[in-house]
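Colleague: This is the structure I want to talk about, given as structure tokens.
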Amino acid sequence: MRTSIRRLSMDDVRFAVLGTGGIGRRTLDVSQYKDGLTPVAACDRNGVAVDHEGLDVPELLEATEGNIASGPRSGSKESSGDEPRDSGPEGDVATDGGAKADAGTATEGVKQHGEEAGIVASEQGRPTETPIDDIIAESDDIDAVLVALPNLEHDFIPRVAKRFAEAEYEGVLVDVLKRSRVIGMLDDREALLKESGITFVCGAGATPGFLTGAAALAAQSFVEVEEVEIWWGVGLKSGYEDNRGTVREDIAHLDGYDIETAREMSEAEIEALIDEHDGVLEFHDMEHADDVLLERAGICDADDVHVGGILDVRSDEKPTTTTVSVTGTTFDGETGTNTFELDDATSMEANVNGPALGYLAAGVRNNRAGHYGVFGPADLMPGF
């Protein structure tokens, strides 16, 4: 019995989710509590579900529980070109939030695997070898697409954006990407996105995203911003098992690691690293897109933005309070610091997926007003 279908009105935002790993699943879940948002399509590495009247979210979430795969790639190198390396639409990256394993490691680190895993286990799903292409084929009736895919290749998200643009999609693309260098790759494609009629909101999660916007607001007290410090705390109550892609991306920011080494790590190596730190990983001077996004918004130089934080994969509680501190000089010569603080009771799901859906809604409003191109969180404030 389907219980979550909502009749659409002209004001409803019909959206799709690419990827049903941790971020994608949480987005579908949170959307049930937001008025005016109707998920109509979702895909993972095995299948796609489309219902333009509205997906049955509870049934889909139950079917995709444990839809996590993040085994390392075997022997392949990062593409320097603009297209995926193989015949599949995702190159070597799975649409569920992890790196796609080759035939020799196909089950490593996979809680759910096989032809009947994930969305195809849902009564709404069907198998496909081209999940993103299938969403693009339905995109005339989709207002916005949340790209919940892993950022384990620098140019992967920009390549996905290009494919939507080349298909002449007219709507909104939203991503919660983290790495600074990806913003430039999106900017390089802005002319194509504008021509298609796409509004791309980049870095629209917590950080970058929610906290980037908070920093932009806090900076308004000053005529000159000297420094922005973002310090976050995340307790993954669902643990590493349900957040493999996110944890792998974060490991790339640790001293001695980068995105290439993190991508090639086996599940056993990642779990050993987590054990070595008793489940708590601390990060400093991360390559987070907050810096580029604040600079392009005219708030401060990218070099003046510093991002760090603590991730606890074994505790429900945040290991530290999340804060944004903006230090600057006022018009009358005073130096001060404005600090924005998130309550420790707010979860990662609340602070990533809530703002992501808010930015998605803001993107749709701007798209309907004819504002196309690449926008950061300081350019568009989330809201309903």
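The values are calculated or read from the model by the stated rules, or taken from the named source; none is laboratory data. Values in this document were obtained by computation on a predicted structure and should not be read as measured data. Cβ placement follows ideal geometry from the backbone for every residue including glycine, while neighbour counts extend to all protein chains displayed. Each accessible area value is taken on the protein alone, full model and side chains, heavy atoms only, with ligands, DNA and RNA left out. Shrake-Rupley method; radii C 1.70, N 1.55, O 1.52, S 1.80 Å.
Colleague: Among the numbered criteria (1) touching a Lys or Arg at 6+ places or on another chain (Cβ under 8 Å); (2) within 20 Å of Q220 (Cβ to Cβ), which one does L293 miss?
Modeller: All conditions are met except number (1).
Colleague: Being closer than 14 Å to A49 by Cβ, open to solvent by less than 20 Å² (accessible area, probe 1.4 Å) and not in a loop (DSSP other than H, G, I, E, B) is the filter here; which residues of segment 126-142 pass it?
Modeller: P131, I132, I135
Okay, residues lined up against (1) surrounded by fewer than 24 Cβ atoms within 10 Å (Cβ to Cβ); (2) in contact with a Leu (Cβ under 8 Å, 6 or more places away or on another chain); (3) farther than 30 Å from D316 by Cα:
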position: G171; (1), (2), (3): no, no, yes
position: D175; (1), (2), (3): no, yes, no
position: D187; (1), (2), (3): yes, no, yes
position: L192; (1), (2), (3): yes, no, yes
position: I198; (1), (2), (3): no, yes, yes
position: A215; (1), (2), (3): no, yes, no
position: W231; (1), (2), (3): yes, no, no
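Colleague: Now for a separate question. Please state which of the following conditions H253 fails to meet, knowing it meets all the rest: (1) more than 25 Å from G19 (Cα to Cα); (2) under 20 Å from the mean Cα position of the chain (by Cα); (3) of a type outside the set (S, T, Y); (4) not in a strand (DSSP E or B).
Modeller: (1)
Colleague: Any idea which of V160, V145 is in a strand (DSSP E or B) and at pLDDT 90 or above?
Modeller: Criteria check complete, one pass: V145.
Colleague: Continuing with this model, one more query. Which of (1) surrounded by 22 or more Cβ atoms within 10 Å (Cβ to Cβ); (2) under 20 Å from A148 (Cβ atoms); (3) modelled with pLDDT under 95 is the odd one out, the single condition L18 does not satisfy?
Modeller: (3)
Colleague: Collect the residues in segment 265-287 that are open to solvent by 10 Å² or more (accessible area, probe 1.4 Å) and part of a loop (DSSP other than H, G, I, E, B), keeping them in residue-number order.
Modeller: M265, S266, H277, D278, H284, D285, M286, E287
Colleague: Continuing with the same structure: Among the residues of segment 321-330, is any outside any loop (DSSP other than H, G, I, E, B), without any contact (Cβ under 8 Å) to a residue 40 or more places away in the chain, of a type outside the set (S, T, N, Q) and over 28 Å from A16 (Cα atoms)?
Modeller: Keep residues of segment 321-330 that are outside any loop (DSSP other than H, G, I, E, B), which gives 323-329.
Filter again for without any contact (Cβ under 8 Å) to a residue 40 or more places away in the chain, leaving none.
Within segment 321-330, none of the residues are outside any loop (DSSP other than H, G, I, E, B), without any contact (Cβ under 8 Å) to a residue 40 or more places away in the chain, of a type outside the set (S, T, N, Q) and over 28 Å from A16 (Cα atoms).
Colleague: Within segment 364-383, does at least one residue satisfy the condition of being of a type in the set (D, E) and in contact (Cβ under 8 Å) with a residue 40 or more places away in the chain?
Modeller: Looking through segment 364-383, at least one residue is of a type in the set (D, E) and in contact (Cβ under 8 Å) with a residue 40 or more places away in the chain.
Colleague: Any residue that is closer than 15 Å to A219 by Cα and in contact with a helix residue (DSSP H, G or I) (Cβ under 9 Å, 6 or more places away or on another chain) - is there at least one of those in segment 340-360?
Modeller: The answer is yes; a qualifying residue exists.
Colleague: Could you say which residue among D290, D304 is touching a Leu at 6+ places or on another chain (Cβ under 8 Å), closer than 20 Å to T322 by Cα and either at pLDDT 95 or above or surrounded by fewer than 19 Cβ atoms within 10 Å (Cβ to Cβ) (or both)? It would help to see each step written out before you state the result.
Modeller: Details: D304 fails: touching a Leu at 6+ places or on another chain (Cβ under 8 Å).
So the residue among D290, D304 that is touching a Leu at 6+ places or on another chain (Cβ under 8 Å), closer than 20 Å to T322 by Cα and either at pLDDT 95 or above or surrounded by fewer than 19 Cβ atoms within 10 Å (Cβ to Cβ) (or both) is D290.
Colleague: Restricting the search to segment 158-175, which residues are farther than 20 Å from G205 by Cα and of a type in the set (D, E)?
Modeller: Matches in segment 158-175: E166, E168, E170.
Colleague: List pairs: first in segment 1-24 and in a loop (DSSP other than H, G, I, E, B), second among the basic types (K, R) and at pLDDT below 90, Cβ under 8 Å, 6+ apart or cross-chain?
Modeller: Taking only residues 6 or more apart or on different chains, the pairs are D12/R6; G21/R244.
Colleague: Sticking with this structure for a sec: Of the residues G373, G363, G328, which is crowded, with 24+ Cβ neighbours inside 10 Å and not aliphatic (A, V, I, L, M)?
Modeller: Only one candidate passes the filter, namely G363.
Colleague: I'm told D312 meets every condition in (1) open to solvent by 30 Å² or more (accessible area, probe 1.4 Å); (2) more than 30 Å from K162 (Cα to Cα); (3) of a type in the set (D, E, K, R) except one. Can you identify the failing condition by its number?
Modeller: Just one mismatch for D312, condition (1).
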